[in-house]
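These notes are about the structure you will find just below.
Bear in mind these aren't lab numbers, they're just calculated from the coordinates by the rules spelled out. Predicted, not measured: the structure shown is a model, and the values here were computed from it. Note that we place each Cβ from the backbone using ideal geometry, even for glycine, and neighbour counts take in every protein chain shown.
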Amino acid sequence: MTSTAKVLAVTAIVVLGIGLIAEHFVDAGVDAIWMSPIFKSPMVDFGYDISDFYEIHEEYGTMEDFELLLETAHGLGLKVLLDFVPNHASKESEYFVKSEAREPGFEDYFVWADGIEDPNNTNNKLPPSNWVSQFGGSAWEWSGIRQQYYLHQFAVQQVDFNYRNKAVLMDFESMLYHF
């Protein structure tokens, strides 16, 4: 097995949450493992489009696998860092589905805005600003369900949370304490 194949194999095992090779990290002088997002995701953007912040994506294992990884790593003095994504959630998240439907308590969970009337076509709404997404194109996407635009600084499927809403702050604080 080449050294590249060994690294890939080790990465796959760590991501799966098995933790069986953690002692090799310690032997190599590693004191922390930094993991890309491992949460449930439709994988539009390599897991950065999280649909459930409390579940491990099935390709990476289970919560029990992750807990075993933590137990093993901590027992060996290794820290485990998770790449946490507080900016946005997947359009498939329960948060977005509820917000798009204007469910009480979730109405302004994301950044929503009315469109601007198109001066050339009164039946058309234009995005509320000229902001551009990091992935190109408008940072605003129309929701036919809600009849408003939502903000997405990255992929269209990655909807930006509204941190002016105290409930969003409280939910994220709860998530951080959970892990």
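By the count of other C-beta atoms within 10 Å, a proxy for reagent exposure, Trp142, Trp34, Trp131 are ordered fewest to most as Trp34, Trp131, Trp142. Computed over the alpha-carbon pairs of the chain, the distance histogram in 10 Å steps reads 9, 31, 27, 18, 10, 4, 1 percent, short to long.
From largest to smallest, the equivalent ellipsoid semi-axes obtained for region 62-124 from the alpha-carbon gyration tensor read 43, 14, 9 Å. A Cβ-based charge dipole, computed about the Cα centre of region 88-178 with Lys and Arg at +1 and Asp and Glu at -1, lands at about 60 debye. Projecting the Cα atoms of Val85, Ser174, Ile33 onto the charge dipole of the chain, computed from C-beta unit charges around the Cα centre, puts Val85 farthest toward the positive end.
State the dimensionless ratio Rg/Rh of region 88-178 (Rg: radius of gyration of Cα atoms; Rh: Kirkwood radius).
Numbers: Rg = 13.9 Å, Rh = 13.8 Å.
Result: Rg/Rh = 1.01.
Given the rule -39500 (n - 2.57) for each run of at least 4 DSSP H residues, summed and divided by the residues of the chain, what is its mean residue ellipticity at 222 nm, to the nearest 500 deg cm²/dmol? The helix-only estimate for the chain comes to -8500 deg cm²/dmol at 222 nm.
Tally the DSSP beta bridges in the chain and give the antiparallel ones as a percent, rounded to 5. Could you put the intermediate results ahead of the total?
Values: 16 of 20 bridges.
Antiparallel: roughly 80 percent of the beta bridges in the chain.
Work out the P(r) tail for region 26-132: percent of alpha carbon pairs separated by more than 21 Å, whole number. Every Cα pair in region 26-132 considered, those over 21 Å come to 56 percent. Applying D = kT/(6 pi eta Rh) to region 26-67, where Rh is the Kirkwood radius over alpha-carbon pairs, T corresponds to 10 °C and eta to 1.306 mPa s, the Stokes-Einstein value obtained is 140 µm²/s.
Overall, the chain carries a charge dipole of about 400 debye about its Cα centre when +1 sits on the Cβ of Lys and Arg and -1 on the Cβ of Asp and Glu, all other atoms neutral. If we count every other residue with Cβ under 12 angstrom of Val80's Cβ, Lys/Arg +1 and Asp/Glu -1, where does the sum land? So the surrounding residues net to -3.
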